[in-house]
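Notes follow once the structure below has been shown.
What follows draws every value from the coordinates through simple rules; no lab data is involved. Computed from a predicted structure; not experimentally measured. Note that each Cβ is placed from the backbone with ideal geometry, even for glycine, and that neighbours are counted across all protein chains shown.
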Amino acid sequence: MSDKAQIILVVDPDPDFLDWVQKQLETPSIRVLAATASDEAYRIFCQDAPDLLITETHLQPYSGLELLAKARQRDPNAMVILTSAFGTTQTVIESMKLGAFDFLRKEGLPFNLKHVVDAALTEQEQMRSAVTFKPQLTVEQHQDSIVGQSQAMQQVFKMVGRVAHSDAPVMITGESGSGKELVARAIHHYSQRAAKDFIAINCAAIPEQLLESELFGHEKGAFTGAVGQRAGRFEQCNGGTLFLDEIGDMPVAIQSKILRVLQEGEFSRVGGNETLRSDVRIVAATNKNLEQEVSRKSFREDLFYRLNVVRIQLPPLRARLEDIRLLAEYFLQKVAATKHLPRMRLSEEALRMMEAYPWPGNVRELENTMQRATVLATSDVILPKDLPLGNESLSLEADLASVVNALELTKESAIEYLLQTAQADPNVQLLPWLEREFTLHAMKVTRGNQVRAAKLLGITRATLRKRIEIFGITKESSLS
Ligand SMILES: Nc1ncnc2c1ncn2[C@@H]1O[C@H](COP(=O)(O)OP(=O)(O)OP(=O)(O)O)[C@@H](O)[C@H]1O
Ligand SMILES: [Mg+2]
């Protein structure tokens, strides 16, 4: 560090907080200045050119984000740390986009303030040319919010903010249901491409021949059924973001074509020679371990390195217990709003049970669980008995409940409906029919595993065998 004392300007409406920070940070080589309002802070910033600005987000007369924007406009290398009692997704992403050095939640400050300030001051000294993001303050409310106050999710939001403006490919990894697509959409939403298309393609769901034409288009007569020329997603998505979902399942032949787009920005339609160009940002996602796929030679190493420039790793839900309550409440609110129902509450016991559960299906499973729980609950408080957590026999009932819910029927009216149908058709024998349908379905979902199917149906394996015989369920019919 240089001999000259460094200056830190701290802005917060609470004088006690300012005192506390001053005590924490002041040393013979660091001077701490304080302000309680944003306009006053900006005046001091212009006058004293502090090495570091630490500001609360909630300020008068204008917000900490605006102060950040003004400070960075005046000095593009200004080092700014935002603090807040809450780190709402939007604020964290915006602040990183505006070039904040970091975003610290107040409850963590006693542990990390000194450490982050040291890092910021060192960086300020070493590299007075930090990357700057152009301010873009006109972002409407994101329709689907990303919820998360955990350290790990706040890290994800910071990454989204940091990468949104660049055109670098982004690789998002994480378990199934952990929010990869949501993050991909957020990157698009916060980028300069937001007004253009976001197109998602699931590479695992489309057969190889179709996938190539889907991505790059085809010429008339390129293959049987190619009756006319067709533009592919790369062409359609010009100026936008292309989300290649489940890229770990992309056939190697197509991987080489994606590599060509990334390296040369060029591609051709299937069956065509013309070289085409398109300005597309690629965001890819997978729940596979791509390093492993590379060593098995099922994923091209060169493509892996191209895509892996920016990597966002989504933590599994069980690794961020503090988000479970927030997410649960968010989904309960969402269900209430879409179904025009009063909002349900979660009992402490139910929450504890959820925090102890490993959530193999991550946030998606939590969302489904909350939807089902609102149907299963008998009062407006969700209790442990209302949570169909990973229990197969319970979740069958819950599945029925969620179907009923989706159709906006009550359980009684669903049964009523079936009875009426049976009445209208003298050939239908309702209970035997239901029994057969349930047995067949249980065999299908368990892929013919009689032990699991019997458990699911709540009967013994011997009984199941008899049913299979009576109903004439063959192996083929249960696997089709
Ligand atoms: N942090 C979050 N806040 C709010 N909703 C979330 C969050 N993460 C995921 N979700 C919701 O959970 C569901 C699953 O998320 P998403 O589709 O992004 O997962 P994914 O990682 O792409 O899963 P898969 O690997 O199965 O495709 C979606 O309905 C999404 O809106
Ligand atoms: Mg997905």
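Please list 3J(HN,Hα) in residue order for region 358-369, calculated via the Karplus relation 6.51 cos²θ - 1.76 cosθ + 1.60 where θ = phi - 60°; whole Hz, with x for glycine and proline.
Result, rounded to whole Hz: x, 6, x, x, 6, 5, 4, 5, 5, 4, 4, 4.
In debye to the nearest 20, how big a dipole does the chain give about its Cα centre with +1 on each Lys and Arg Cβ and -1 on each Asp and Glu Cβ?
With only Lys, Arg, Asp and Glu charged at Cβ, the dipole is about 1140 debye.
How long is the gain from Glu266 to Gln22 if the chain were fully straight, where each residue apart is worth 0.36 nm and the alpha carbon distance is subtracted?
82.3 nm
Restrict the search to region 21-105; then list the GluC sites (Glu not before Pro) that DSSP places in a loop and that have at most 13 other Cβ atoms within 10 Å of their Cβ.
Values: sites: Glu26, Glu40, Glu56, Glu66, Glu94; in loops: Glu26.
Taking region 21-105 and a limit of 13 other Cβ atoms within 10 Å, the loop GluC sites (Glu not before Pro) found are Glu26.
Among Gln263, Val170, Thr378, which residue has its Cα positioned farthest towards the positive end of the charge dipole of the chain, with +1 placed on the Cβ of Lys and Arg, -1 on the Cβ of Asp and Glu, and the dipole taken about the Cα centre?
Checked the options; the winner is Gln263.
Going by alpha carbons, how many degrees (0 to 90, nearest 10) lie between the helix axis of 151-163 and the longest principal axis of the chain?
Long axis of 151-163 versus the principal axis of the chain: about 70 degrees.
5 Å is the cut-off here: which amide hydrogens, built 1.01 Å from N in the peptide plane, fall below it relative to Leu33, excluding neighbours closer than 5 in sequence?
For Leu33, the qualifying residues are Ile8, Leu9, Val10.
Relative to the longest principal axis of the chain, what angle (0 to 90°, nearest 10) does the C-alpha long axis of helix 411-424 take?
30 degrees
If you fit an axis through the alpha-carbon atoms of helix 15-25 and take the longest principal axis of the Cα set of the chain, what angle between them do you get, 0 to 90°, nearest 10?
The answer is roughly 80 degrees.
Once phi is turned into ³J(HN,Hα) by the Karplus curve 6.51 cos²θ - 1.76 cosθ + 1.60 with θ = phi - 60°, what whole-Hz value does each residue of region 328-345 show in order, with x for glycine and proline?
The phi angles translate into 4, 5, 4, 6, 5, 5, 5, 4, 4, 5, 6, 9, 6, 10, x, 6, 7, 10 Hz.
Compute the Cα gyration tensor for region 6-126, then decide on rounded, prolate or oblate, letting a ≥ b ≥ c be the square roots of its eigenvalues: rounded whenever a/c is under 1.5, prolate when a/b is larger than b/c in the other cases, and oblate in all that remain. Show your work: numbers first, answer last.
Numbers: a/c = 1.18, a/b = 1.10, b/c = 1.08.
Taking the square roots of the gyration eigenvalues as a ≥ b ≥ c, region 6-126 is rounded.
For Ser178, enumerate residues with amide H under 5 Å from its amide H, sequence gap 5+ or separate chain, H modeled in the peptide plane.
Val363
Taking the Cβ of each residue in Leu419, Leu332 as the centre, tally the other Cβ atoms inside 10 Å and list the residues starting with the fewest.
Ascending Cβ contact count within 10 Å gives the list Leu419, Leu332.
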